[in-house]
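Q: Sharing a structure below in structure tokens format, with a few things to ask.
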Amino acid sequence: MIGRLNHVAIAVPDIASASRVYRDMLGATLSEPVEQPEHGVTVVFIELPNTKIELLEPLGENSPIANFLAKAPSGGIHHVCYEVDDILAARDRLKREGARVLGDGEPKTGAHGKPVLFLHPKDFNGTLVELEEA
Ligand code: CO
């Protein structure tokens, strides 16, 4: 069921500073920062040959990554995103297996315009998992 690693998302306190690290130290090609108010984050997309990195900076008052950065002020890996062919079939299978789907369990439109769901980190060894329909 699980497909390609679509991206690794890294929460950062300062996206300009984090962007410089990826661009200048690591030589990556970065997008401009993209504000996503509906998700409470500003995102920089980094294309690597085999996957993507997304830098996430809190945006607005109730950012879903604010608590994460309160606990990890210098930032850290926030979630990994795996592709699935059929997100509803994946969700139903995972629920049958006992995994908890966050929110109301209905897919939302993610950063790439595709349906996504998040799975509870306690069911995946402490890792927040995003599923994106490929
Ligand atoms: Co993501």
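Q: How large is log10 I(q)/I(0) at q = 0.09, 0.10, 0.16, 0.18 Å⁻¹ when the Debye formula is applied to the Cα atoms of the chain, each weighted equally and without solvent?
A: -0.26, -0.32, -0.83, -1.04
Q: Same structure, new question: For the chain, find the longest principal axis of its Cα atoms and tell me its angle to the long axis of helix 87-96, 0 to 90°, nearest 10.
A: Helix 87-96 and the main axis of the chain meet at about 60 degrees.
Q: Provide the solvent-accessible area of Phe68, counting protein heavy atoms only and rolling a 1.4 Å probe, rounded to the nearest 10 Å².
A: 60
Q: If Arg23, Arg91, Arg96, Arg4 are ordered by their accessible area, calculated over protein heavy atoms with a 1.4 Å probe, which sequence runs from highest to lowest?
A: Per-residue accessible area, sorted high to low, gives Arg96, Arg4, Arg23, Arg91.
Q: Please give me the summed charge of the neighbours of Glu97: other residues whose Cβ is under 13 Å from its Cβ, Lys and Arg +1, Asp and Glu -1.
A: In short, +3.
Q: Loop only by DSSP, 13 or fewer other Cβ within 10 Å of the Cβ. Give me the GluC sites (Glu not before Pro) in segment 1-110 that pass, ordered by residue number.
A: Sites meeting the loop and neighbour criteria: Glu61, Glu97.
Q: I've got another one for you. Protein chains only, probe 1.4 Å: how do Leu119, Leu59 rank by accessible area, largest first?
A: If we order Leu119, Leu59 from most to least accessible, we get Leu59, Leu119.
Q: Mind giving me the FRET efficiency for Ala134 and Ala99? R0 is 22 Å, r the Cβ-Cβ distance, nearest 0.05 is fine.
A: 0.70
Q: Still on this structure: Suppose accessible area is computed on protein heavy atoms with a 1.4 Å probe; arrange Val101, Val44 from highest to lowest.
A: In descending accessible area the options line up as Val101, Val44.
Q: With r defined as the distance between the Cβ atoms of Asp92 and Asn62 and R0 fixed at 41 Å, what FRET efficiency is calculated, to the nearest 0.05?
A: So the FRET efficiency works out to roughly 0.85.
Q: Ok, one more. Quick check on segment 22-81: take the gyration tensor over C-alpha atoms, sort the square-rooted eigenvalues as a ≥ b ≥ c, and tell me if it's rounded (a/c under 1.5), prolate or oblate.
A: prolate
Q: Alpha carbon centre of segment 11-83 versus segment 90-109: separation in Å?
A: So the separation of the two Cα centres works out to 24 Å.
The values are calculated or read from the model by the stated rules, or taken from the named source; none is laboratory data. All values derive from a computational prediction rather than experimental measurement. Every residue, glycine as well, gets a Cβ built from its backbone with ideal geometry; the counts of neighbours run over all protein chains shown. Note: areas computed on protein heavy atoms with side chains; ligands, DNA, RNA excluded. Shrake-Rupley method; radii C 1.70, N 1.55, O 1.52, S 1.80 Å.
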